[in-house]
Amino acid sequence: MNATPKQTTTQTADLHDFQGKVIDASRNQPVLVDFWADWCAPCHAIAPHLQRVMEEMADEIRLVKVEVDEGENMKLAGKYKLRGFPTIMLFAGGEEVARFAGNRASPWIRDWLQQHLRR
């Protein structure tokens, strides 16, 4: 019998609601933030891998996507000193606990998350 993957809802955030959807929310449950851009091929390549991992870990973590070219979102990229996209950041307890940049496969992302969630 195959386990049915859990449905996950990916949220989006912007400069004005980032505090509530990411920082404040991470005090209750870890939040993975995908800083991405529509013109960025690696950003599109990592998206299905992130979704796959989120389906497996839906009870443990939540995904929020920030499109850096929308509105004033580039200010968030500046605040967190992002050098390239995609940049994936893990927040827990109201703070950044880890990050990586570039495309990665599902097993790598899963291992990375498990390593940092055990802290």
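All of the numbers you see were taken from the coordinates with simple rules; none came from a lab. For clarity, every value in this text was computed on a predicted model and none was experimentally measured. When we count neighbours, we look across all protein chains shown, and the Cβ atoms used for this are built from the backbone with ideal geometry, even at glycine.
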Exercise for the section: Sum -39500 (n - 2.57) across every DSSP H segment of at least 4 residues in the chain, then divide by the residue count to get the 222 nm mean residue ellipticity, nearest 500. Expected result: -8500 deg cm²/dmol
Practice task
Please go through region 1-95 and write out the GluC sites (Glu not before Pro) that DSSP classes as loop and that have at most 12 other C-beta atoms within 10 Å.
Solution key: GLU60, GLU72
Fill in the blank from the handout: For LYS79 and GLN11, extending 7 Å from Cα along the Cα-Cβ vector and measuring point to point gives, in nm, a value of 1.4 nm
Handout entry: Beta bridges per DSSP with both ends in region 11-103, % antiparallel, nearest 5
Key = 60 percent
Problem - 3J(HN,Hα) from dihedral phi, region 46-51, Karplus parametrisation 6.51/-1.76/1.60, rounded to Hz, x for glycine, proline - result: 7, 3, x, 5, 4, 4
Practice task
Set Lys and Arg Cβ to +1 and Asp and Glu Cβ to -1, take the dipole of the chain about its Cα centre, and tell me which of ASN73, ALA13, GLY84 lies farthest positive.
Solution key: GLY84
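Please tell me the relative contact order of the chain in percent, rounded to the nearest whole number, where contacts are Cα pairs under 8 Å and at least six residues apart.
Numbers: 188 pairs, mean separation 41.5, N = 119.
Value for the chain: 35 percent.
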Completion exercise
Hits in region 31-51: amide N under 11 Å from the 7 Å Cα→Cβ extension of ASP69, namely 37-41
Practice task
Could you pull the Rg and Dmax for region 11-103, using just the Cα atoms, both in Å?
Solution key: 12.2, 33
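Among LYS21, LYS79, which comes first, then next, by fewest other beta-carbon atoms within 10 Å?
Values: LYS21 19, LYS79 10.
Ranking LYS21, LYS79 by Cβ neighbours within 10 Å, fewest first, gives LYS79, LYS21.
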Practice task
Might you report the magnitude of the Cβ-based charge dipole of region 11-103 about its Cα centre, with Lys and Arg at +1 and Asp and Glu at -1, to the nearest 20 debye?
Solution key: 320 debye
Problem - Local electrostatic count, ALA13, Cβ distance below 15 Å [Lys/Arg +1, Asp/Glu -1] - result: -4
Fill in the blank from the handout: Note: region 65-117 at 4 °C, 1.567 mPa s; Kirkwood Rh on alpha carbon pairs; Stokes-Einstein D in µm²/s works out to 106 µm²/s
Completion exercise
The simple spin-label model distance between GLN29 and ALA101, using points 7 Å out along Cα→Cβ, in nm, is 3.0 nm
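Between HIS44 and GLN114, what length comes free when the chain is fully extended (0.36 nm per residue of separation minus the Cα-Cα distance, one decimal in nm)?
Working: separation 70, 0.36 × 70 = 25.20 nm, distance 2.32 nm.
Net length gain for the segment: 22.9 nm.
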